[in-house]
Structures are given as C-alpha cells and as structure tokens.
1. Near the amide H of residue 260, under 5 Å away, which other amide H atoms are found, from residues 5 or more places off or on another chain, if H is placed in the peptide plane?
2. How far apart, in nanometres, would the label points at residue 163 and residue 421 be if each is projected 7 angstrom from Cα along the Cα-to-Cβ direction?
3. Within segment 151-190, name every residue whose backbone N is under 16 Å away from a label modeled 7 Å from Cα of residue 271 along the Cβ vector.
4. Taking the simple approach of a point 7 Å from Cα along Cα-to-Cβ for both residue 361 and residue 6, what is their distance in nm?
5. At 0.36 nm per residue, and after removing the present C-alpha to C-alpha distance, how many nm does the segment from residue 520 to residue 309 gain when stretched out fully?
6. Scan around residue 309 for amide H atoms under 5 Å from its own, H built in the peptide plane at 1.01 Å from N, and keep only partners 5 or more places away or cross-chain.
7. Calculate the FRET efficiency for residue 172 and residue 404 from the Cβ-Cβ distance with a Förster distance of 51 Å, rounded to the nearest 0.05.
8. Taking the Cα atoms of the chain, what is the range of coordinates along each of the three principal axes, in descending order and whole Å?
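Since every read-out is calculated from the coordinates, none of them should be taken as a lab result. Since the model is a prediction, treat every value here as computed from it, not as a measurement. Cβ coordinates were reconstructed from backbone atoms using ideal geometry, including for glycine residues, and neighbour counts include every protein chain displayed.
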Amino acid sequence: MTAPYSEIRQSVLQRYPSGQTPGGVSIDDIIQLKIQNTYSTHLDIARDMAKVMRTDMAAYDQDPTKFTQSLGCWSGFHAQQMIKAVKRQRGSAKGVYVYLSGWMVAGLRNRWGHLPDQSMHEKTAVVDLIEEIYTSLRQADEVALNDLFKNLKSARDAGDSVAEQKAIAAIDSFESHVVPIIADIDAGFGNEHATYLLAKELIKAGACCLQIENQVSDAKQCGHQDGKVTVPREDFIEKLRACRLAFEELGVDDGVIVARTDSLGASLTQKVPVSQQTGDLASEYIKWLKTEEITEDNPARDGDLVLASDGGFVKPVRLPNGLFAFKDDTGRARVIEDCITSLKEGGADLLWIETATPDVMEIASMVDEIRKEVPNAKLTYNNSPSFNWTLNLRKQVRAQWIAEGKINEDAYPDGNELMSAEFDETDLGREADQRLREFQYDISTKAGVFHNLITLPTFHLTAKGMDELSEGYFGEDRMLSYVGNIQREEIRRGISAVKHQHEVGSDLGDTFKEMVGGDRALKAGGTKNTMNQFEAA
C-alpha cells in the first residue's frame, strides 16, 4: 500500500533538496504521481486482494453477519461506478467485490457476437475484462486523488495551514477503489494443463480468486439450463490443483479458489472413472450411476460397459450420445460429496452450489451435512437473475402460511398469477418483499454463505435502462425522458459521472499538463468548459 504523504515527501526531498529535479520538475508533482500510482502491477493487486479476502473470510468465521457482496460487471466502467456508489453511500467499499461472469463475457464481451454460456468465447476475453476492470478502478483512484491534491495546492496557495493539514489527512486516509475480483474460469477451457495456463493469465491480470465448476469443459452449460454433464471428482481435483499451482507459482500465496458444483441439476456424466478399491473417489462417483441388471432378457452385448456390483454385474444406462445417466433424485447427495471432496482433497477455499430456486432452507440443509465433515465450510452463492424471485418468494410465503393455518389455499393463486402487480400491496406481497430484503442476511447467517453475488445485474440493468430511455426519447417525452430519468437524477443523487469530462480524467490531464508545462499548459477545464454548469450541483 502507498506510504503516508509525509514519508514520501521526505524521501523525495532527500533526493532533491532544492524542491525540484534538475529538469525543473517539482517534488510536489512527483509525490502526487507516486501516490496516484496505487499499484505497480496487476499481479500486485492479486497478491494484495487475496489478503483482503482472507481477512474477510476470517471475520466471517467469527461473525456470519459480516458477509461480503458483489455485482457482476461486464465493463470496467460498470465496476468503477459500482465502487464509487458504494463509497459515496457507505463511506467505504470494504466487503464489496467485483464478480466477473463467464456468462456475460460470452454474451457481451467476445469477438463472435452474443453467445450462450457454453465456453465458446475466446479464453483471452476473460483476461482482457479483468485488465479493463482494474484499469478503470485505478483510474478512479487517480481522478479522486487528483482532486485531493488540488485541495492541498489551494490550501497552500492561500497560506491556510489548517486546511493544508486537513488535505494531507484526506490523502493519507484515501481508500482505493481497487477491490477483489472473483473471476469465472468456467470449467477450465480444456484439460488440467489448459486450466493452469489460463489461471496464470487471469491471476497476472489481477484476479485473486478463481471460480471453477465441475462440468465437462467441452460440454459446459449455464448452471441454470438443462443438459449439464459433470466430471469424475478426481478430474475436478486435478483442475483445483492446477489453479493452486498457478497461484503459488506467481507468488499469490493467499489466492482463493471457489469450487462450484452443478450436480444438483446435472443428471449426466461423460465417463465412468476407474475404481481401484471400494470407497475411493471413483467408486463413490460410480455408485450414483443409473444401472440396469444383466438378465437373459437384457444380456450384455458387444460394446456394452459392464460393472461389478454386489457380487453381480450391471450395465450403466448409456444414452445414444455416449453419456451416462445418474440415478434419479441423487443430486443433493452428490452435491454434498462434491463439496466435501473439493475442500478436503482439492484444497478449495469456498464452495458454490448452483441451485434451481432461491431457498434458504435447501442450502442450509446441505451446508449442515457438509459441515459435519468440514466445520468451517463457506459458500459463495449466486443470487441469480435466472430465478423469478418475485414468484419464488411469494410461493414460499403462500406455502408456509397455508401449512401454518394462517390462510386458506384459495386465499391466493398458486401459479404464475402470483406475479401480478395486484398482489404487490397485499400482506403476501409485502412479506415476500421483506424476505427479499433479508435474503442475503438469512442465507449468510443460516446457510454458511460468505459471499453473495448477482451474476448478471448489469446485463439486465442495461436492457431495462435502454428500454425506458428509448420508450420516452423516441416517444412523446423526447428530451424530458433523458433529463428527467437520467441527468436530473444523477445531479440529485450526487453521481459524479454527471460531469462526464471529469469522470474520464479531463482534470487529471490538465494537472499533468501543468506539471510539465506550467503556465504554457493548454487546459480543457477553463471558463468555456460546459461542465462548469454542474459545479453548483
């Protein structure tokens, strides 16, 4: 982290006692640029942010109300504005991360157009987005610190020592916009060596945390779609180890690995692993395969795979595409075994259980089982836009109230009609909304969720925002649609981006021109800059 202002000033003065370099550069300018350069490399960010995550995880172990949160961002600007908003509203971004979604990279950030979440996008697109996010967050640091140094210069020019010390204190207490990124590496984009090579690139780009899932890499599906195919546990462990080796090689000793299991919704596997003895990882995976007895009416044929089972022989059910099916209703048990194995054998730090609905008690019941083997097991949970949250929570409230005898079954409909706005101000609608407010708190305190994230919020925010703006702007409201819904709200909410020239570094550029050119500097921020119209705001 950056040293205090006075310490840096003293160091620079020792080199240039006159207050200037031989070329006429002021030491005050050197100090500012040294402090604005909050990180030398993005690998330094990964090392530092890994320590931040470890500290947060330890705090959560002591107090589960201290959970962390993130939003999925598909551009550096989204991430920058999120952190700025949190800092403006809370005064600090501690406990806030950025989630980098493979779904959004596939859907929005690859060269081949809008693609489904099936690992079809180029690997480097994920690396590029991490680089972009940290470049944007570091630029937010530079812009904010430049404003603080302008305050310091003004105080010195006015001879106000009290204001000068206040400005220095603000510089020393400045909190960087840089926060941890949880980066989605999908299923590893290939074999374990490919996973290792890509993991290194993600880490060098700044990722302190990698999230990897137990699906087959070349048949990967979005966690909320059908057709998911999982890999044997020893295969997944090798990829977890590949990620750990990448962290260790690059000196990110505290790097965090999130092991995701899609087994709750996955009914298929690509291969049957080789079991050496009862109770090994392979046999524990094989036991869940759907099989059929070999009989005179159902004999083993040429090309069939035959397994020894309980002193006899069975055939695993195999689909025409060669995939093997799991027994029905075994997803929950497989999830629990996946998680325990990933923690104990694979060295994962956090778990991710992909679920079909947002149900606190469902997650809690699985975590209770996992914690019998690994007491401090912690989760990252996907508060996914793939869930119809309104419908799910209203159905949960309705079912509970019927079971408790609070209402009759005909008090509210049991289908999609519950989505109707007519129920918004009913007792059920208000109770469901209250549970939405409390959902992340509940799942963190009752179900071991250390980190709550929403994977695709900026995707949906952009779609909704453009729909609203387009409806008004191309309709009857025209300019009122933009001004009323966007600019006026930016001003009243105190969003710095309303001064868009300043937001992208125009004043920062003016400062640098002054550093090297003095009075000759041709600055953009003069009296004719229209951004001055927003100063009063």
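1. 212, 213, 214, 352
2. 5.1 nm
3. Residues passing the 16 Å test: 188-190.
4. 5.9 nm
5. Contour length minus Cα-Cα distance gives 67.3 nm.
6. Residues meeting the amide H criterion: 314.
7. So the FRET efficiency works out to roughly 0.35.
8. On the principal axes, the chain reaches 99, 58, 46 Å in Cα extent.
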